[in-house]
Amino acid sequence: MNAPIPILRFFDEELTKHFYCDFLGFTVDWTHRFEEDFPLYMQVSKDKCILHLSEHYGDSSPGAALRIEVGNIETFQKQLLAQQASFARPGLEDGPAGGKECTVTDPAYNRLVFYENKN
């Protein structure tokens, strides 16, 4: 099996793209709509992390939580803080596996927990 690709619900295309692309540094790989006024479904990625984001009702519930491993959590957290975003000032916390983690919440209240294990 390969790694799963989570589907996260979103409601506002502009805010979602700003959060994932401008703030977190993801790239939009592709977008899909069945027709012009239909909900958007898209894939974003950064390094080996792939996420699907969907406006479709029933694809996912807002408020999901994901854990995403990063190579150097302190550097990543400093990059986020350096942007001085009004919607996110993430701190570092002790994680359950002995490492550190940094949590941000997207515009649809999905929680992304970025972490680095020390084991």
Those residues that are over 16 Å from Phe23 (Cβ atoms) and among the polar types (S, T, N, Q), I need them from segment 40-74; list them, please. Gln43, Ser54, Ser60, Ser61, Asn72
On the basis of being surrounded by 15 or more Cβ atoms within 10 Å (Cβ to Cβ) and either out of contact with any Pro (no Cβ under 7 Å at 6 or more places or on another chain) or basic (Lys, Arg) (or both), does His32 make the cut? no
Just give me the residues in segment 67-118 being of a type in the set (Lys, Arg) and closer than 16 Å to Lys46 by Cβ, in sequence order. Arg67
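Condition check ((1) surrounded by 15 or more Cβ atoms within 10 Å (Cβ to Cβ); (2) touching a residue at least 24 places away in the same chain (Cβ under 8 Å); (3) out of contact with any Ser or Thr (no Cβ under 6 Å at 6 or more places or on another chain); (4) within 14 Å of Pro6 (Cβ to Cβ)) across all residues:
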| position | (1), (2), (3), (4) |
| --- | --- |
| Leu66 | no, yes, yes, yes |
| Gly71 | no, yes, yes, no |
| Thr75 | no, no, yes, no |
| Ala85 | yes, yes, yes, no |
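Sort through Leu15, Leu24, Leu40 and tell me the only one that's under 28 Å from Asn117 (Cα atoms) and at pLDDT 95 or above.
The match here is Leu24.
The values are calculated or read from the model by the stated rules, or taken from the named source; none is laboratory data. What you are looking at is a predicted structure, and each value in this text was computed from that prediction instead of being measured. Backbone-built Cβ (ideal geometry, glycine too); neighbour counts: all protein chains shown.
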